[in-house]
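The next block holds one structure in the form of structure tokens; read it before the comments.
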């Protein structure tokens, strides 16, 4: 009895291994090539003050550089009361990418829950200067106990 059970387990493992190897070798016909790229924040819509425990929608706007750029999400980093926010685009490697004029911004948002800090310092990435140093739009938002009038 034990030998049959052992052989059954070995057979199942061999089938799983064979299927895994086969699927791992299948060529991806779509072969979609892409990469991620930070794009500068052009403007921010953020409250003047936060109330502890409340959720706020923070809106950011950016220019899409080309028709191959699409919003993917945020790179959001926390350190004590400081939040560093960058907009991430997915860029598809296509030959027919058209450069877009800098006239219409795309607006996206994220939710922020105010904690017990006295204030929050947001650094929104705006690109690099000529020396390659990161530039930020810095906004400090105080946390209050009640909604300001």
Legend entry - Projected area averaged over orientations for the stretch 34-144, convex hull of C-alpha atoms, nm²: 7.7 nm²
Legend entry - Spin-label model distance (nm) - residue 145 vs residue 110, 7 Å beyond Cα toward Cβ: 3.1 nm
Legend entry - In nm, spacing of pseudo-spin labels at residue 98 and residue 48 (7 Å Cα→C-beta vector): 4.2 nm
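Rule-based calculations on the coordinates, nothing more; no lab input. This one's a predicted model, so the numbers in the text were calculated from it and none came from an experiment. Backbone-built Cβ (ideal geometry, glycine too); neighbour counts: all protein chains shown.
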